[in-house]
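S.K.: Quick one: the structure is below, questions incoming.
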Amino acid sequence: MLRQTKTQQRQTESVPHLGRIARFLRTEEGGVSVEFALWMPLLVSIILLIADASFAMMRQSSLLAVSRETARIVARHGLNIDEAVIYAESKARNSTDAPVVSVEIDSDSTNVTVRIVTSMHDLAPFGILEKLFQERVLISTVHALEPI
């Protein structure tokens, strides 16, 4: 048991909360809370980075599927170029902004190319990847035209 000197007893008696404050400062019960508060911003940042990357990969995959589907339909002569652009834009549209779609047939009429250009903000909603990587993302598909 800790013994207090008479001076310390008088100080404790004159300021009633001093004894409780001294006891609070000696305990180590809040040490874990302080460490948690220091690590929390890093943990939240890592979780947001993972979520941002997941959303970007899912959105890129869906845009790639739209590009492939549009190229396949045009290659089978199901849509002309103007209809294909409208079709791809309607399928690729997201709530934030519409990607830029271009459909081209080679001059020798052997391949159809579908390009979808979108912003990184459209792919990654939290904006973490937008700060780390390029501003624009290009998704392109080339498909052989079938004979008529």
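S.K.: With only alpha-carbon pairs counted, each pair once and no self-pairs, how large is the Kirkwood hydrodynamic radius of region 26-148 in angstroms?
M.R.: Hydrodynamic radius (Kirkwood, Cα only) of region 26-148 equals 16.8 Å.
S.K.: Here's something else I'd like to know. Highest mean first, how do 41-48, 114-121 rank when packing is the count of other Cβ atoms within 10 Å averaged over residues?
M.R.: The densest-packed peptide leads the list: 114-121, 41-48.
S.K.: Quick one: P(r) of region 29-73 from all Cα-Cα pairs, 10 Å bins, percents rounded to integers, in order of increasing distance.
M.R.: Computed distribution, short to long bins: 24, 24, 19, 16, 10, 6, 1.
S.K.: Now a separate question. Just to be sure I understand the model, the point goes 7 Å from the Cα along the line to the Cβ. What's the resulting E89 to S54 distance in nm?
M.R.: 3.3
S.K.: Still on this structure, I have one more. In nm, to one decimal, how far is the modelled label at H121 from the one at I46, with both set 7 Å along Cα→Cβ?
M.R.: With each label placed 7 Å out from Cα toward Cβ, I get 3.0 nm.
S.K.: Of the accessible area of region 46-101, with the probe set at 1.4 angstrom, what percent is carbon plus sulfur?
M.R.: Of all accessible area on region 46-101, carbon and sulfur atoms account for 62 percent.
S.K.: Rounded to two decimals, what is the ratio between the C-alpha radius of gyration of region 100-146 and 2.2 N^0.38 Å?
M.R.: Rounded to two decimals, the normalised Rg is 1.52.
The values are calculated or read from the model by the stated rules, or taken from the named source; none is laboratory data. Quantities reported herein were computed from a predicted structural model and do not represent experimental measurements. Backbone-built Cβ (ideal geometry, glycine too); neighbour counts: all protein chains shown. Protein only, heavy atoms only, side chains kept; ligands, DNA and RNA dropped before computing areas. Shrake-Rupley method; radii C 1.70, N 1.55, O 1.52, S 1.80 Å.
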